[in-house]
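Trainee: Supplied in structure tokens, the structure appears directly below.
The values are calculated or read from the model by the stated rules, or taken from the named source; none is laboratory data. The shown structure was predicted, so the numbers you read here are calculated from the model rather than taken from an experiment. Virtual Cβ from ideal backbone geometry, glycine too; neighbours counted across all protein chains shown.
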Amino acid sequence: MRAWLLSFVQTPAFEDDDDRRAAQLLRLVLGVCIASIVGYALATVDHSIAWSKRAPLFGALLVTLLCERGLRRGYVRPQAWTIVVGLTALSLGSQVTSGGLRAPATLTLFVAVVLAGQLLGYGGALIVAGIGSVGTLVVFELYRAGHVVRPLLHTEGQYARALVVQLLGTGGLMAITAWSLSATMRRLRREQAAFRDLVEEAPDAMASLDAEGRLIQVNRAHEKLVGQRREELLGAPFDHNPSALDDQTMAAARERYAELKSGKHIPLFRFELARPDGTKVHAETNARAVKRADGTDGVDLVIRDVSEQVLAERRQQDLEEQLRAARKLEAIGQLAGGVAHDFNNLLTVVLGNIQLMRLSELSEEQDESLGSIEAAADRAATITRQLLAIGRRQPSRPLALSLNDSVRQISGLLRRLVPEHVIVTTALDAALPNIVADPAQVDQVLLNLVANARDAMPDGGELRIETSTTTLSHDEQLPPLERGVYVTLRVKDSGHGMSSETQQRVFEPFFTTKSLTAGTGLGLATVYGIVKQHGGHIVVESAPGAGSSFSVYLPATGEATSGLEPVAPPAPRRCVRLLLVDDDVGVRSVVATVLQRAGHQVTVAPNAHEALAAFERMTQPLELLVTDVVMPGMSGVELSRELRQRAPALKVLLFSGYPGRDVLALGEQGAAYLAKPVTPKQLLERIDQLLGST
């Protein structure tokens, strides 16, 4: 019983806030209705009225209790309709049974209309007002026709008591309605303030347009994004500032706005926005068409600053482009290395036979012809070295050196390389740290960059060579370089410059904008290969008509400058027993001839397996192994290691046109290396140095 009674004063639980508030209001209205009905009945209890005449009161009480029961079960809107219609019916019924329009219950009609507006909206209020008005007119006509029952209350006291109860009940309902309206207004103000704060503090820019495309609302983020104050923006068309967007972007924005108004869905729209202060920002807009509360059409915009995202995407594209270029250069390097190996073998045969032929008596014409052949072979050897540099296969002997010293030492040659109408200036950083690099390859980088700058200024200009120190504070500052200190070599010219398409291909092997007779297209590709081989990076900056700038970044080192190894005086030639291994028959033939004429005892083998077999057949100790590096089956490096395990005192000379990655590592263990193409003089001098170091 107690639980049943408590259920009438407890508010039901609703998930929706509007239903919960409506239920609270209905609970209070039902309480007042019950009190008014009971009070009205008690106010007239002393009058001898048949209980049958009080049927409307008991009916109203029963309906009220049923509404309360339905409200506890969660039915809000049906109970609201029941209450307002019931109040209207009670008022009209009281008019019919209690003396027409003078019945106290007539006041209930006003309460019913107000409650209908609060609970059911303006539509419900109009419906209840219409029913009440029509019902009142009908009662009035019935009263004129004499069909209305005489008043139940005959005395003034009885009428006054009933009127007081009715006024109190009506006043209570009106108070509840006013309280509900006030609470609703407070809630709306709080929600409006919270929503305004949410919009104002949002990190993304927000704007609302009216049906004509004028700005009617913006938040602080929007002011910051576009660089204008709210007072300047409100009331202005969204395209009021033509300088904010370029012509193509402005046309696209207007086209998308027209599509929105026509009911189409548009995707995210990305654009570049120019602020009044000259800065630019990349933004992305999400727009949708809306129907405003007043029934007008509009557009809501959410604009996000995506400058960092665009920068990251561009950086990713640059990295992908660099990766593709690196893979392309790696593939070309593999091809170039293979070609260089075969060419170097051929050149070794050509240069060797030229030297052998010069040992015999030649006519002046024959000697001149041999000189032309030798010059062509030297030129071919230079090209093969460039191919090896492109593939990062060029033998390197890095030393700690000063880039400033390299520029100074080669400055004379650089000035002879450029014509007199080109002004050459230098700006060298006195506090420049050292780098670890191959001096000859650094000179090659300088020569190629200067030659490229010279060719870009056929009518003269200025060529500037600069050195400086660059500190990278994070890995993404200059990808793919990691953070650290780098020595920068910059070669700038005032020539004709390059287009963006040319810049994308400038380091590709054999790519050139010059005539077929003016260049091979290997100079900058060689620079790129050398820089990458030294763990550095190269950047080109150029524009048509604005000259070009090539910046080379090489890792700095704290090591002191290394002195060049002193050149030992030629040791007296000592003839030894040696094993010559090379898979190229022409190279074997000419090298064997040169060595035999020098007095060495030479055993020849075409591959490593036959060399091991020849070693096993030897009855006297082997003193020197001369072997090619790249051979089918076992390589020259593997052969060297195998023979030195059997003869630890064995001297090793490796020579190849395409060295492997482990040649220098073997050199640290006592082996010597000689790059093809090799002349007989170079070969014999290198052997004498190797044997003289015993």
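Trainee: State yes or no: is Ser542 closer than 23 Å to Leu323 by Cα and surrounded by fewer than 14 Cβ atoms within 10 Å (Cβ to Cβ)?
Mentor: Judged against the criteria, Ser542 is not a match.
Trainee: What residue, among those in the range 574-600 that are under 15 Å from Ile687 (Cβ atoms) and polar (S, T, N, Q), is surrounded by the most Cβ atoms within 10 Å (Cβ to Cβ)?
Mentor: By that ranking, first place goes to Thr593.
Trainee: Let me confirm something: among Arg288, Arg190, Arg196, which residue is surrounded by fewer than 14 Cβ atoms within 10 Å (Cβ to Cβ) and modelled with pLDDT of 85 or more?
Mentor: Of the residues listed, the single one that is surrounded by fewer than 14 Cβ atoms within 10 Å (Cβ to Cβ) and modelled with pLDDT of 85 or more is Arg288.
Trainee: Residues of the range 340-357 being surrounded by fewer than 17 Cβ atoms within 10 Å (Cβ to Cβ) and either at pLDDT below 75 or among the small types (Gly, Ala, Ser) (or both), which ones?
Mentor: Across the range 340-357, the qualifying residue is only Asp342.
Trainee: Do we have any residue at all in the range 80-102 that's closer than 17 Å to Phe140 by Cβ, modelled with pLDDT of 65 or more and in contact with a His (Cβ under 9 Å, 6 or more places away or on another chain)?
Mentor: yes
Trainee: May I pose another question? Of Asp300, Asp294, Asp318, which residue is of a type outside the set (Gly, Ala, Ser) and at pLDDT 85 or above?
Mentor: Asp300
Trainee: How do the helices (runs of 4 or more DSSP H) wholly within the range 489-597 filter down when requiring 3 or more residues that are assigned by TED's automatic domain parsing to the domain that holds Asp459 and modelled with pLDDT under 90: which remain?
Mentor: 500-505, 523-533
Trainee: Hey, another quick one. Where the second residue is exposed (fewer than 12 other Cβ atoms within 10 Å of the Cβ) and the first is of a type outside the set (Asp, Glu) and lies in the range 354-369, which pairs have Cβ atoms under 9 Å and are six or more apart or on separate chains?
Mentor: Short answer, once both residue conditions are applied: Gln355/Lys681.
Trainee: Search the range 428-442 for residues that are assigned by TED's automatic domain parsing to the domain that holds Val527 and pair each with any residue that is part of a strand (DSSP E or B) and among the acidic types (Asp, Glu) when their beta-carbon atoms are under 9 Å apart and the residues are at least 6 apart or on different chains.
Mentor: Leu428/Glu466; Asp429/Glu466
Trainee: Same structure, new question: Name every residue in the range 402-418 that is surrounded by 17 or more Cβ atoms within 10 Å (Cβ to Cβ) and over 13 Å from Leu489 (Cβ atoms), in order of residue number.
Mentor: Leu417, Val418, listed by residue number.
Trainee: Follow-up. If we keep just the residues of the range 260-274 that are under 18 Å from Arg214 (Cα atoms) and surrounded by 14 or more Cβ atoms within 10 Å (Cβ to Cβ), which is nearest to the chain's Cα centre (by Cα)?
Mentor: Among those residues, the one meeting the criterion is Leu260.
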